[in-house]
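Engineer: One structure follows; several queries about it will come next.
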């Protein structure tokens, strides 16, 4: 039998995923040990797991280096890879939103010189250009996006908001909601066909655990 | 800028002798099957007018095309897809009387793929177009040909997924959805985005069983049973017709004896404005993308002035060969097997013997390294040439196996006598 390979987004998401997989009958003991291994194997079920930076997970899956990936919807939307998105795992739940100081609200609706700072330029341009039909200037940042409106780099930001406490501490509020976000299971297009039975069985087992 | 001299641009690459031999070998195998089914090879230009590729049915988005101007100001495009030029050629050249037309091609296509994605921008396609007939027999013939081409290329673990765009179009019609809503559903179904589809369908006004069917569409793939499953859930004429056609094509494929490689996917709904009937894709292990893309495109030739139905497919040769390498399927092609070494005196005998060996099917390289036998042996080892024929003088010949170092002494006459008897006269 061939190995079924999983790419998981590093961190909390991967831990939650492995708990879920274990309860569904797809455990990986090697992952619980502390080691410097990059690939974790369950020889009995012929499963391989590896951890990757979230934004790389869709890439691994698109090219078939991994058959299955678990990653946030935000990354899927941003990376725009050619994948099957088959399951909402529910955890890692938050929202993609436009945020800024409260007085940016007015500008948001009329200003055509609006500057938007974000780690998600594709999601931001999709939202403003296609959904709101508004021309804006998008500034790509790589972290601490909340800083941008505070120091005057942009009027608003597009980012994920979990509880909103980081925003609040910095005097920002959610101005518009873009979409809800949570962890998703994605599958390579070819794997879905070539390993149809195994993957469907896995999806059903996980789905059952999700209730 | 100096560095540019040393490198190829992103997305294009050199093929070294070994890689090139493998590619040509696979291409040759596939071409033989194409010819055996009566498809004649054609060539179209490497660049054409932009208008050939840019149409509303647009198989390739303009941003992925390499475009430039000629001196008159017309926009030219590097061949972005093989099918439109062949449709243009067929529509302009042939008449109704000459149908059906069976054409095949081997050629490079050029697409401006995104940077840093490891995607080639110049890649080779091998494919066929069967023009002038719209029937289940034609559809099945082309699919069976795709299966046989992959088999002869050397892979055995692959699968051809068949869908029918009319099934989806019929369902959308029955549901009375707008084009925009249809497009949204198409995208969600194509991505097997179960979650997004459910949200979208909830917002649309669609009744019970139909809603259930649309929600099921991304899951309607697998063996024959999916056709029955789908049949039970629709009364739409177009959709039922599409299912019956699929059923019939499958029966013909059974007669071809290739059903083992066939499966169905009713959720295969890409490029709906291009394909007009059956649509299929081939998959194998070792590559994350499809290795065969095909389908029926009855509207395309009309764009070039002659309405003719057509069906065809393209094999992505680079992907296929990559997958074969990863599946560790050896592709044996030719290599030099004999090195001809001679002295000034024996030049005439050596050269004429060399030609005789070549005509017997051997691959013979004339040594340019002189008479030093040891030098020639180490060269042959380095290049993996199995045998050396050393013409010591006008009479005496040494046959040396460079692997075992076994040496046989013989004469020019003996050698020629043996050559006319066997294919591999030297026994090396």
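Engineer: Which stretch or stretches of segment A:50-82 have amide N atoms under 17 Å from the point lying 7 Å from residue B:326's Cα along the Cα→Cβ direction?
Structural biologist: Flagged as within label range: A:50, A:57-69, A:82.
Engineer: Now for a separate question. Label 7 Å along Cα→Cβ of residue B:335; segment B:352-366 residues with amide nitrogen under 15 Å?
Structural biologist: Correct set: B:363-365.
Engineer: Under the definition of partner shielding as Cβ atoms of other protein chains within 10 Å of a residue Cβ, what is the mean value for peptide A:180-189?
Structural biologist: What the average comes to for A:180-189 is 2.
Engineer: Ok, one more. Full-extension gain between residue B:18 and residue B:383, please, as 0.36 nm times their residue separation minus the C-alpha to C-alpha distance.
Structural biologist: Length difference between fully extended and current span is 130.2 nm.
Engineer: How big, on average over all directions, is the shadow cast by the Cα convex hull of the protein assembly as shown, in nm²? Walk me through the intermediate numbers first.
Structural biologist: Numbers: hull surface 158.0 nm².
So the Cα hull casts an average projection of 39.5 nm².
Engineer: Is the shape of segment A:94-180 rounded, prolate or oblate, going by the alpha carbon gyration tensor and its root eigenvalues a ≥ b ≥ c, with a/c under 1.5 for rounded and a/b larger than b/c for prolate?
Structural biologist: rounded
Engineer: Report, in degrees rounded to the nearest 10, the 0 to 90 angle that the Cα long axis of helix B:347-359 makes with the longest principal axis of chain B.
Structural biologist: In chain B, helix B:347-359 runs at an angle near 30 degrees to the longest axis.
Engineer: Relative to the longest principal axis of the C-alpha atoms of chain B, give the angle of the C-alpha long axis of helix B:237-256, reported between 0 and 90° and rounded to the nearest 10°.
Structural biologist: Computed tilt is about 30 degrees.
Engineer: Now, a different point. Taking 0.36 nm per intervening residue step and subtracting the Cα-Cα distance, what contour gain separates residue B:359 from residue B:5 on full extension?
Structural biologist: Length difference between fully extended and current span is 123.3 nm.
Engineer: Using a simple spin-label model with points 7 Å from Cα along the Cα→Cβ vector, what separation in nm is obtained for residue B:75 and residue A:37?
Structural biologist: 5.4 nm
Engineer: Fully extended, how many nm does the chain gain between residue A:10 and residue A:135 (0.36 nm per residue separation, minus their Cα-Cα distance)?
Structural biologist: Extending this stretch completely gives an extra 41.5 nm.
Engineer: Between residue A:163 and residue A:201, what is the spin-label point distance in nm, taking each point 7 Å from the Cα along the Cα→C-beta axis?
Structural biologist: 4.2 nm
Engineer: 222 nm [θ] for the protein assembly as shown, helices only, -39500 (n - 2.57) per DSSP H run of 4+, per residue, to 500?
Structural biologist: That comes out to -11000 deg cm²/dmol.
Engineer: Estimate the FRET efficiency between residue A:53 and residue B:116 by the formula 1/(1 + (r/R0)^6), using the beta-carbon distance for r and 22 Å for R0, to the nearest 0.05.
Structural biologist: 0.90
Engineer: Where the centroid of each part is defined by its Cα atoms, how far is segment B:1-25 from segment B:378-414 in Å?
Structural biologist: 35 Å
Engineer: For segment B:73-107 and segment A:78-145, what is the centre-to-centre distance using only Cα atoms, to the nearest Å?
Structural biologist: About 44 Å separates the Cα centre of segment B:73-107 from the one of segment A:78-145.
Engineer: Additional query: Roughly what % antiparallel, to the nearest 5, for the DSSP beta bridges in the protein assembly as shown?
Structural biologist: Antiparallel: roughly 70 percent of the beta bridges in the protein assembly as shown.
Engineer: If you take every DSSP beta bridge whose two residues both sit in segment A:94-180, what share of them, in percent to the nearest 5, is antiparallel?
Structural biologist: 60 percent
Engineer: Right, here's the next one. If R0 is 22 Å, what FRET efficiency do you get for residue B:137 and residue B:98 from their C-beta distance, rounded to 0.05?
Structural biologist: 0.75
Engineer: Can you give me the angle between helix A:196-210 and the longest principal axis of chain A, using Cα atoms only, in degrees from 0 to 90, rounded to the nearest 10?
Structural biologist: Computed tilt is about 60 degrees.
Values in this text are rule-based calculations from the coordinates and carry no lab data. Only a predicted model underlies this, so the values are computations on that prediction, with no experimental measurement involved. Here the Cβ is made from the backbone with ideal geometry for all residues, glycine too, and neighbour counts use every protein chain on show.
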